[in-house]
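K.L.:
This is the structure I want to talk about, given as structure tokens.
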Amino acid sequence: MSRAGTDVPDSRGRTGLDAVGRDLARNPDVVVRDVEVVSDGWHVLRRTTFDLRRADGTWERQQRETYDRGNGAAVLLHDAERGCVLLTRQFRFPAYVNDHPDGMLVEVAAGLLDADDPETAVRRETREELGVEVRELTPVMELFMSPGSVTERLHCFAAAYTATDRTGAGGGVAEEGEDIEVLELPFAEALAMVRDGRIADAKTVLLLQWAALDGPFAR
């Protein structure tokens, strides 16, 4: 029986979604046996069966589901001279349904790479979300944010900005359902928001702490 995304094109024109992971051979203690596409919506959920050699030398068959939404990029915009950072606030339903009070999360600008390289993608997202034309980007770290189930690798950057770099209103792309509020906050207040839980987004917490320890606000 043919399945969209496997044998025949899905709504995005993709086939062979079940092939991802079958050729992995970098780790001799892991042998992939089967890959099944569980859901082929905008992103892809797979169930993979593999044999894992444990520390005692015995082999164990396991299954894991992985959610593949592509890789992403994020950037912390900072103005060290004025002591502030530029962040976003937007509604996140997954957080809302998991006990966040109102689902309105304060975050750094971020988005999926799609077909772009990380620097191009983060410049695009900063322009769309914050209305800023980024100049020099500083690579900070690459992170797997939820490696137990999500494949995404997040490329994290930092960039200085000034008032003259804010060439647009930001707010995101309305056609994509985005309705983003731009927040310019004193860096000290942003750190206080991390401490009291008003900032609960992992990538944002990590970049703000990096800025305090090793970045533009380090002492």
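K.L.:
Of everything in segment 193-219 that's more than 16 Å from the chain's Cα centre (by Cα) and basic (K, R), which residue is farthest from Y96 (Cα to Cα)?
P.N.:
My answer is R219.
K.L.:
Looking only at segment 1-60, which residues are within 24 Å of L113 (Cβ to Cβ), of a type in the set (S, T, Y) and at pLDDT 95 or above?
P.N.:
Hit for segment 1-60 is T48, nothing else.
K.L.:
If you check G148 against the conditions, is it at negative phi, in the same structural domain as L76 (by TED's automatic domain parsing), touching a residue at least 40 places away in the same chain (Cβ under 8 Å) and out of contact with any Ser or Thr (no Cβ under 9 Å at 6 or more places or on another chain)?
P.N.:
So G148 fails the test.
K.L.:
Could you say which residue among E60, E107, E81 is out of contact with any Pro (no Cβ under 9 Å at 6 or more places or on another chain), surrounded by 14 or more Cβ atoms within 10 Å (Cβ to Cβ) and not polar (S, T, N, Q)?
P.N.:
E107
K.L.:
Continuing with the same structure: Name every residue in segment 170-185 that is among the small types (G, A, S) and touching a helix residue (DSSP H, G or I) at 6+ places or on another chain (Cβ under 9 Å), in order of residue number.
P.N.:
G170, G171, G172
K.L.:
Any residue at all in segment 20-36 that's closer than 30 Å to V134 by Cβ and part of a strand (DSSP E or B)?
P.N.:
Within segment 20-36, not a single residue is closer than 30 Å to V134 by Cβ and part of a strand (DSSP E or B).
K.L.:
Looking at L52, L76 in this structure, which one is assigned to a strand (DSSP E or B), under 21 Å from the mean Cα position of the chain (by Cα) and either surrounded by 13 or more Cβ atoms within 10 Å (Cβ to Cβ) or touching a residue at least 60 places away in the same chain (Cβ under 8 Å) (or both)?
P.N.:
On inspection, the qualifying residue turns out to be L76.
K.L.:
What strands (runs of 3 or more DSSP E) completely inside segment 108-170 contain at least 2 residues that are under 19 Å from V182 (Cα atoms) and at pLDDT 95 or above?
P.N.:
109-112, 153-160
The values are calculated or read from the model by the stated rules, or taken from the named source; none is laboratory data. Quick caveat, the model's predicted, so the values are computed rather than measured. Note: ideal-geometry Cβ built from the backbone for every residue, glycine included; neighbour counts use all protein chains shown.
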